[in-house]
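Notes follow once the structure below has been shown.
No lab work stands behind these numbers, since they all come straight from the coordinates. Worth saying up front: this structure is predicted, and the values here are computed from it rather than measured. All Cβ positions, even for glycine, are placed from backbone atoms using ideal geometry, and neighbour counts span all protein chains on display.
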């Protein structure tokens, strides 16, 4: 095996290893938008670990057509019937508030 082949093999293993480690640390949270608002309205995650919100708007009878999480600069449109992926990493414990664009429907992410 040449030095170049060995170096490429090590690089590939490092990249795959890092991807696997990140995926294992990822926290996936499913949230639905219903006539009652964001369901569940309160979720809990761990600080310092990547969070993936999987948000699906299931009704067009509310103004909750966007999810706004100001603390992380997120303002994501929520198309009806489609799951939207929102990624961020909360760095410290506390409560993150999110809402629809009008602020009528709200939710909380408790960061431990």
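Here are the numbers for the structure shown:
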{"quantity": "Descending Cα extents along the principal axes, the range 20-95, whole Å", "calculated": "39, 26, 20"}
{"quantity": "Separation in nanometres of the label points that stand 7 Å from Cα toward Cβ, at residue 25 and residue 74", "calculated": "1.8 nm"}
{"quantity": "Separation of the residue 104 and residue 59 label points, Cα + 7 Å toward Cβ, nm", "calculated": "1.1 nm"}
{"quantity": "Residue 83/residue 35 FRET efficiency (R0 25 Å; Cβ-Cβ; nearest 0.05)", "calculated": "0.85"}
